[in-house]
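Let me begin by presenting the structure, written as structure tokens, before commenting on it.
Since every read-out is calculated from the coordinates, none of them should be taken as a lab result. Since the model is a prediction, treat every value here as computed from it, not as a measurement. Here the Cβ is made from the backbone with ideal geometry for all residues, glycine too, and neighbour counts use every protein chain on show.
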2 protein chains.
Amino acid sequence: MRRRDFEHLDRDDPLAGFRDRFLLPPGLIYLDGNSLGPLPRSTPAALADLVERQWGEDLVTSWNRHRWVDLPLEVGRRLARLLGARPFEVLAADSTSINLFKLLGAALGLRSDRRVVLSERDNFPTDLYVVQGLADLRGNVELRLVESGGIEDALDEDVAVVLLSHVDYRTGRLLDAPRMTERAHARGALVLWDLAHSAGVVPIRLAEWDVDLAVGCGYKFLCGGPGAPAFLYVNARLAGDLRNPLSGWFGHRRPFAFDPRYRPARGIARFQCGTPPVLGLCALREGLDLVLDADPEAVRAKSIGLTERFAALVEQRCGGHGFAIASPRDPAARGSHVALRHPEGLAVIHALTDRGVVGDFRDPDILRFGFHPLVNRHVDVWDAVEALVQVMEKRAWDDPAYRRRDVVT
Amino acid sequence: MRRRDFEHLDRDDPLAGFRDRFLLPPGLIYLDGNSLGPLPRSTPAALADLVERQWGEDLVTSWNRHRWVDLPLEVGRRLARLLGARPFEVLAADSTSINLFKLLGAALGLRSDRRVVLSERDNFPTDLYVVQGLADLRGNVELRLVESGGIEDALDEDVAVVLLSHVDYRTGRLLDAPRMTERAHARGALVLWDLAHSAGVVPIRLAEWDVDLAVGCGYKFLCGGPGAPAFLYVNARLAGDLRNPLSGWFGHRRPFAFDPRYRPARGIARFQCGTPPVLGLCALREGLDLVLDADPEAVRAKSIGLTERFAALVEQRCGGHGFAIASPRDPAARGSHVALRHPEGLAVIHALTDRGVVGDFRDPDILRFGFHPLVNRHVDVWDAVEALVQVMEKRAWDDPAYRRRDVVT
């Protein structure tokens, strides 16, 4: 394969037009949309309008006039389309960690005869931390951790909730969500999916799969901006029976009646807590509108094409340099990023960044390269591997400056 | 008194120059900074830089390069100056409701021999809702509610935490925080102050008063924008002993080590939870920088001057129209808003809004007029009362359109 082959793929790419809807620094090959999605072209003007006209001119009346009060549900309806949920099953609010706490607390309350939250030891740590904090506070909760692939064997009659990441943040492994959901249900457990690394790049059908609960993040493939509001999903058959332990005024049936007694709103609205983050919701809406314009099956097809070619090129061209591919090689079992292992991974990532190819590093030795099908071209794959080959052949990574450990890498 | 007297007060006002640092619609008299503070002139450019340069160009590297990762503590240090706290005692994060949950959960864990959270029935409802949700989840928590003024008598050896609003959201009543803190301590209770309606307009000295815990809101007098991040304060003598029940990855000692076991960060940083809302923190920083430029004693003096004259003018000029002043008439016992009661309060507020005077309404009959000393002029007081007189004399409120009940009023 040659670079020209990748140019041809771009010429025939039905999603090629989306790239222009982002503001991207010229020349940069950005392979970290799985960590922070790039800036949609429409976002600066939308935020400027929100800030200068709605906040600046209409001030407090904007809560009604510009329906700020509805933003969590309005953005939630867009998310529902993306996630294959019913319109009133998704809410944009707070952070993923906070939303996990709400749903886990509610689920354990519903399944008070069971005490186990079952997850994988390699799940994203905040998911595990949230269970630990909830267990300390509430008591009568056991976090049962199994090795990757061990969930089905560990399912028993004590399991209240199975807590899983749809796509693993390190390896990119994609779980078979309908199958795992069915298995959990067969043992009487609820299932809570963390969609942080799949929403926007993997087709998701929460209603069809009969998923109970889900959370996810707005700042990755959904391009909602740094620290964007997160989301939560509650299957409509459960919403009325679940009690949000973070019972703030926006989750009240009548927040502006200033009733001293908490009475939960009907349905998903009860999972709101405090005053919604209007700036963040405005930016998230822009990202979502862009992502929703694309055909999810085309997105998935291109995602597989990009990751597949990246993995193949690395194998072909970086063979002697000590890389191992940590992601599943079966595209059906892989999300939209490819993880490599290398003992000098941190230095390699820094050296690549200085050469205009941005991936990221995860301890102890994981290099992650995320592919956003609405942003990345096929030539980005070629050029990124070319830069990697250069870094390795010239030992460009072997520089003390590249051993620095930033706070966030 | 005549309008000219108010013009003279403005001429001599040492804070008069601050008004130009806000973007305000011409002609509008905005008396709702206690609900949503107006837009600082510097905020649009700061947000545009954050969005277009930091997010758009530097992308994920901004977490290090532009120190996004430090924003919660960096904004916290500014808040600490404002609140008379030590630099590492304040954190900007999440919403007021979420922060209340964190601190109440932590405080009840520390005082496991006591089970009562003592508050006032008229406290802001979300404060009470949060206790109710925590009690349902955790068990062994009693929310004891007393009438206004009854806290000291209700303090006994069962009280773990006294939860009070520094300024009452409806009446504007200002509590004697050092005195109440001392009384709570004398009975072995911790005290948690909600500073939502006092931060930025009432001098606060958390360290000097030896306050244990506090929370507050960024979108009112601090002008951080709609749904701005909130804040929390933990006295340094307690921070190491308190466990945040919302234990997300940003509160971990080493968030980017991806340790499966939660180990809290040292000090206040452990009260972070999920990924911080970068857009909201950027806007809040702008508002704070503006507020911090003003002398707090001058702000308080002007605040008293504005509310005092407003109350006096209403008494003098609206005597026959059925208003009662719901706020304390002693300025030492009043924050920076004045509440009136009137059976047609909702319609009066709508009629005033249509005449360019924005206050707000709280069920069942409260008209609130908030005075932001960095924004409002003395002539605003005169003109607002003049508009109120006109609305009442012409019965302009008596219009079916003004009986509409917006979602947010």
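For the pair A:Ala312 and A:Ala332 in one chain, pulling the backbone fully straight at 0.36 nm per residue adds 5.7 nm over the alpha carbon distance. Net length available on complete extension from A:His185 to A:Ala298 is 37.6 nm, with 0.36 nm assigned per residue and the Cα-Cα distance removed.
Counting only DSSP H runs of at least 4 residues, each contributing -39500 (n - 2.57), and dividing by the residue count of the protein assembly as shown, the helix-based mean residue ellipticity at 222 nm comes to -10500 deg cm²/dmol. Applying 1/(1 + (r/R0)^6) with R0 = 51 Å to the Cβ-Cβ distance of A:Arg205 and B:Arg67 gives a FRET efficiency near 0.80. Compactness of the stretch B:288-409 is given as radius of gyration and Dmax, 14.7, 45 Å, from Cα positions.
Sorted shortest first, the separations between the B:Pro203 label point and its copies elsewhere in the assembly read 6.7 nm; each point sits 7 Å from Cα along the Cα-to-Cβ line. Counting from the shortest, the label point at B:Glu152, 7 Å from Cα toward Cβ, is 6.9 nm from the same position in each remaining copy. Packing around the peptides A:56-63, A:177-184, B:210-217, A:276-283, taken as the average count of other Cβ atoms within 10 Å per residue, puts them in this order, highest first: A:276-283, B:210-217, A:56-63, A:177-184.
Oblate is the label for the stretch B:112-196. Its Cα gyration tensor axes, ordered a ≥ b ≥ c, give a/c of at least 1.5 and b/c at or above a/b. Report the semi-axes of the equivalent ellipsoid for the protein assembly as shown in whole Å, largest first, where each axis is √(5λ) for an eigenvalue λ of the Cα gyration tensor. Value: 48, 30, 24 Å, ordered largest first. For the pairs A:Lys220/B:Lys102; A:Lys102/A:Lys302; A:Lys102/A:Lys220; A:Lys220/A:Lys394; A:Lys302/A:Lys394; B:Lys302/B:Lys394, note any where the Cα-Cα span goes beyond 29 Å. Violating the 29 Å limit, Cα to Cα: A:Lys102/A:Lys302; A:Lys220/A:Lys394; A:Lys302/A:Lys394; B:Lys302/B:Lys394.
Per-residue shielding of B:31-42, expressed as the average number of other chain Cβ atoms within 10 Å of the residue Cβ, stands at 3. Across identical copies of the chain, A:Arg183 has label-point separations of 6.0 nm, listed in ascending order, with the point defined 7 angstrom from Cα along Cα→Cβ. Between A:Asp156, A:Asp259, A:Asp365, find the one with the highest GNM mean-square fluctuation for chain A; connect C-alpha pairs within less than 10 Å. Taking springs between Cα atoms under 10 Å, the residue moving most is A:Asp259.
Computed as a quarter of the hull surface, the mean projected area of the alpha carbon convex hull for the stretch B:233-278 stands at 3.4 nm².
Dipole magnitude for the stretch B:209-274: about 280 debye, using +1 per Lys or Arg Cβ and -1 per Asp or Glu Cβ, origin at the Cα centre.
Of the trypsin sites (Lys or Arg not before Pro) found in the stretch A:256-317, the ones in coil according to DSSP and having at most 16 other Cβ atoms within 10 Å of their Cβ are A:Arg261, A:Arg266.
Short to long, the 10 Å bins of the Cα pair-distance histogram for the stretch A:171-222 hold 24, 55, 20, 1 percent of all pairs.
Summary value for the stretch B:1-142: 12 percent relative contact order, contacts being C-alpha pairs under 8 angstrom separated by 6+ residues.
Hey, how many Å between the Cα centroid of the stretch A:321-391 and the Cα centroid of the stretch B:206-285? Cα centroid of the stretch A:321-391 versus Cα centroid of the stretch B:206-285: 34 Å apart. Taking a virtual spin label 7 Å from the Cα of B:Arg243 along the C-beta vector, which residues in the stretch A:108-144 bring their backbone nitrogen under 11 Å of it? Flagged as within label range: A:132-139. Rg then Dmax, both in Å and based on the Cα atoms of chain A: 21.9, 69.
Label sites at A:His8 and B:Asp10, each approximated as a point 7 angstrom past Cα along Cα to Cβ, lie 7.4 nm apart. Helix screen, chain B: DSSP H segments with Cα axial length of 24 Å or more and mean Kyte-Doolittle hydropathy at least -0.5 are B:296-317. Rounded, prolate or oblate: pick one for the stretch A:178-312, where a ≥ b ≥ c are the square roots of the eigenvalues of its C-alpha gyration tensor, a/c under 1.5 means rounded, and failing that, prolate if a/b is larger than b/c, else oblate. Oblate, because a/c is 1.5 or more while a/b does not exceed b/c. Here the alpha carbons of the stretch B:45-86 define both size measures, Rg and Dmax, at 12.7, 37 Å.
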